[in-house]
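The values are calculated or read from the model by the stated rules, or taken from the named source; none is laboratory data. Worth saying up front: this structure is predicted, and the values here are computed from it rather than measured. In this analysis, Cβ positions are derived from the backbone assuming ideal geometry, glycine residues included, and neighbour counts consider all displayed protein chains.
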Amino acid sequence: MIFIGTDIVEVGRIEALIRRWPQRFVDRIYTGQEKAYCERQAVPAIHYAGRFAAKEATRKALHAAGQQFTVPFKEIDIKRDHLGVPSIALGSSAPGNPGPYRLALSISHTGQIAIATVALESDG
């Protein structure tokens, strides 16, 4: 079966959270690799927002597939390949990992909005 999760985030909301609790928010949500990537960008908040939306969309797809446990944000690692294509790596404590799931991710953003969609294919 295929399950879908989608999330949309206002970039300004993420920017405000980073301004209010700079280290606390970022350290609680993002992996080291994600932080390094976002901080290298001209407008880091746009990329933080895209990754936040991707993490939420992943959680929604997992819940749609029947997962009862909410995966912690830092256990959802948003990566990019050499072409810039995003992907999802679930941490070792995430239920079902390595699991019967195949995950596909799409992220888009403007200066104001970031959106992500996750397609989860399950054998079960």
Practice problem: Give me a count of the residues in segment 42-87 that are of a type in the set (A, V, I, L, M), assigned to a loop (DSSP other than H, G, I, E, B) and more than 30 Å from ARG20 (Cα to Cα). | Solution: 3
Self-check item: Near pairs, Cβ below 8 angstrom, 6+ apart or cross-chain, from segment 25-49 (under 19 Å from ALA89 (Cβ atoms)) to any residue that is among the basic types (Lys, Arg) and outside any helix (DSSP H, G or I)
Solution: GLN33/LYS79; TYR37/ARG80
Quiz item: In segment 88-124, which residues are hydroxyl-bearing (Ser, Thr, Tyr), modelled with pLDDT under 95 and within 17 Å of the chain's Cα centre (by Cα)?
Solution: SER92, SER93, TYR101
Quiz item: Quick check: is even one residue across segment 1-10 assigned to a helix (DSSP H, G or I) and not hydrophobic (A, V, I, L, M, F, W, C)?
Solution: no
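Do we find that GLU34 is over 19 Å from ILE4 (Cβ atoms), assigned to a helix (DSSP H, G or I) and either more than 10 Å from the chain's Cα centre (by Cα) or among the charged types (D, E, K, R) (or both) in this structure?
Considered against the rule, which asks whether it is over 19 Å from ILE4 (Cβ atoms), assigned to a helix (DSSP H, G or I) and either more than 10 Å from the chain's Cα centre (by Cα) or among the charged types (D, E, K, R) (or both), GLU34 comes out as yes.
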Practice problem: Identify all residues within segment 41-62 that are surrounded by fewer than 24 Cβ atoms within 10 Å (Cβ to Cβ) and either more than 19 Å from VAL118 (Cα to Cα) or of a type in the set (S, T, N, Q) (or both); write none if there are none. | Solution: GLN41, ALA42, VAL43, PRO44, ALA45
Quiz prompt | Positions within segment 1-24 being crowded, with 16+ Cβ neighbours inside 10 Å and free of Cβ contacts under 8 Å to residues at least 24 places away in the same chain, in sequence order | solution = LEU17
